[in-house]
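Peer 1: Can you keep this structure in mind? I'll have questions shortly.
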Amino acid sequence: MSARDWIEKDFYRELGVSSDASADEIKKSYRKLARELHPDANPGDAKAEARFKAVSEAYGVLSDPAKRKQYDEARRLFAGGGGFPGGGFGSGGFDVNDLFGRAAQGTGGGGLGDLLGGLFNRRGGAASATRPRRGEDVETDVRIDFTEAVKGATVPLRLSSPAACTTCGGSGAKPGTTPHVCATCSGSGLVTRSQGAFAFSEPCRDCRGTGRIIDDPCPECGGDGVSTRTRTLTVRIPSGVDDGQRIRLAGQGEPGRNGGPSGDLFVRVHVNPHSVFGRQGNDLTLRAPMTFPELALGTTLTVPTLDGKVTLKVPAGTASGRVLRARGKGITKRDGTSGDLLITLEVAVPNNLSSEARKALEAYADVTKDHDPRGDLNALLEGR
Ligand SMILES: [Zn+2]
Ligand SMILES: [Zn+2]
C-alpha cells in the first residue's frame, strides 16, 4: 500500500460519519456496519467481505485518537489533489511510515479485536477494497408481446438481489435478541491447538469463526443475515425492438463502491410471436391465402395491419407466391420512417369440392387443356 493510497482513502465516508464525528459516533457506526457486513451474515458474498475489511481498516485508524490525528493532518496537507511534494513527505511534522507501522499491527484499535477476531490480515487486499470501484453490470430478461415490441412499451421490471436482511439488520439474530459471545473461543473466532512443538490457530468450529453464537435466529433470514431485496424499475422499451435484443440502462446495475459509478443494467428482450404477422428487420410479413380465380381474374385484397387495415389491388394473372408491398405499414424505425408490410399471396386449394364446383373445374380444365404450365420441364424430359 503506497502512502498515496492511504491518504486518498476516505475513512469517514467508509464508516458513514462526518469528519468531526465523536469517538462514540464512530464506534456506533462501525459496530452497526460490522454486524451488517460480517462474512458470517453474508456467506459467499465477496463484496460484503471486501467492504467489511475496508470498514474494519477505517475503524482501526479512526478509533485510535493518535492515528486519527495523523490521518486528519495528512489529508489536510494533501487536500485538493495537489499531489505529494517530492521527497518532503516528512516535513509536515509526521512520519507516514510510523503511521503505517502502527496501522498495520493487527487488531490494534479498541473494540476491534472482539469483532474482527483476527479473521483477516488487515493489510492484505485492503488497498484495492477501498479504491472507488464500478458496480457490477446486471443482466435480466423481459418478455413482451409482438405488438409491444413494434410500438414500444413501458414495462415494470422486478429485480432481486441479495442484501442485508432488513428484519435483523444483517445480524442474523431475531430482533430483540443479541448473539452471545462464543464460550469456546471467548469471542475471538479462533482456537489455538498444539501439535508437538507447534501451536497454531484455526477458526473456531462452534461459531464458525465469527466469535458469536446466535440463540434465536431471525425468522426472516433463518440466521443468515441475508435476504433478497426486490426493487421495481420501470423500463421503456423503444419501438422496433427485436427478439433477443439487449437494451442497456446506464447506471441501473449494482451500486459502485467507495464512490465508484454504478454498473449498467442490460435487459434482454424476448418477443412473443404474433399469430398472424411475422417480421424481417423493419418489415412486417403476412401470408394471404387466395383462391385461384382471385389470382387469375384479379381482385382487390384487404388485409389487417398492426393498427388498422390496408387494401391492395391484385392484378389479373398474379402468380401464387408473389409478394405485395404495402409501403410504410411496417415497423417504425428510430429515424421516424417505417418499414413495409410484405404480403405473400398463396393459392389455397380447397380440400373438398361440391359436385357443382367439380363440374365447373372439369369444364375449366377441358377448355384450357392446351395450356401446359410445365413446358420447360417437359422440354427437359423430352431431351433425354
Ligand atoms: Zn434476518
Ligand atoms: Zn467460537
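The values are calculated or read from the model by the stated rules, or taken from the named source; none is laboratory data. Being a predicted model, the structure only gives us computed values, none of them experimental. Because the Cβ atoms are built from the backbone with ideal geometry, glycine has one as well, and the counts that use them run over all protein chains shown. Remember, those area values only see protein heavy atoms, side chains included, never the ligands or the DNA or RNA. Shrake-Rupley method; radii C 1.70, N 1.55, O 1.52, S 1.80 Å.
Peer 1: Given the residues A199, A173, which is the only one that is within 25 Å of Y30 (Cβ to Cβ) and either in the same structural domain as R268 (by TED's automatic domain parsing) or away from ligand 2 (no atom under 16 Å from the Cβ) (or both)?
Peer 2: Just a single option satisfies the conditions, and that option is A173.
Peer 1: Are there any pairs, at least 6 apart or on different chains, whose C-beta atoms fall under 6 Å, with the first in segment 274-301 and without any contact (Cβ under 8 Å) to a residue 60 or more places away in the chain and the second open to solvent by 60 Å² or more (accessible area, probe 1.4 Å) and part of a loop (DSSP other than H, G, I, E, B), and if so, which?
Peer 2: If the second residue must be open to solvent by 60 Å² or more (accessible area, probe 1.4 Å) and part of a loop (DSSP other than H, G, I, E, B), the pairs left are N282/K333; L297/A316; G298/A316.
Peer 1: Output yes when any residue across segment 251-264 is under 28 Å from the mean Cα position of the chain (by Cα) and within 16 Å of ligand 1 (Cβ to nearest atom), and no when none is.
Peer 2: No, because not a single residue in segment 251-264 is under 28 Å from the mean Cα position of the chain (by Cα) and within 16 Å of ligand 1 (Cβ to nearest atom).
Peer 1: Could you list, in sequence order, the residues of segment 173-186 that are under 26 Å from S227 (Cβ atoms), away from ligand 1 (no atom under 16 Å from the Cβ) and crowded, with 18+ Cβ neighbours inside 10 Å?
Peer 2: C182
Peer 1: Which of the numbered conditions does G244 fail, given that it passes all the others? Conditions: (1) of a type outside the set (S, T, Y); (2) surrounded by 13 or more Cβ atoms within 10 Å (Cβ to Cβ); (3) not in a strand (DSSP E or B).
Peer 2: (2)
Peer 1: From the list D141, D215, which residue is loosely packed, with under 13 Cβ neighbours inside 10 Å and within 16 Å of ligand 2 (Cβ to nearest atom)?
Peer 2: It is D215.
Listed here are the residues, each with its yes/no results for (1) more than 16 Å from ligand 1 (Cβ to nearest atom); (2) in a loop (DSSP other than H, G, I, E, B); (3) open to solvent by 20 Å² or more (accessible area, probe 1.4 Å).
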residue: S194; (1), (2), (3): yes, no, yes
residue: A199; (1), (2), (3): yes, no, yes
residue: E202; (1), (2), (3): yes, no, yes
residue: D206; (1), (2), (3): yes, yes, yes
residue: C221; (1), (2), (3): no, yes, no
residue: D224; (1), (2), (3): no, yes, yes
residue: S227; (1), (2), (3): no, no, yes
residue: T230; (1), (2), (3): no, no, yes
residue: S239; (1), (2), (3): yes, yes, yes
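Peer 1: Something else about it: Looking only at segment 167-191, count every residue that is part of a loop (DSSP other than H, G, I, E, B) and in contact with a strand residue (DSSP E or B) (Cβ under 7 Å, 6 or more places away or on another chain) and tell me the total.
Peer 2: 9
Peer 1: Modelled with pLDDT of 90 or more and not aromatic (F, W, Y), is that true of T305?
Peer 2: yes
Peer 1: Assess whether T210 counts as being in contact (Cβ under 8 Å) with a residue 60 or more places away in the chain and either closer than 13 Å to D40 by Cβ or within 12 Å of ligand 2 (Cβ to nearest atom) (or both).
Peer 2: It is true that T210 is in contact (Cβ under 8 Å) with a residue 60 or more places away in the chain and either closer than 13 Å to D40 by Cβ or within 12 Å of ligand 2 (Cβ to nearest atom) (or both).
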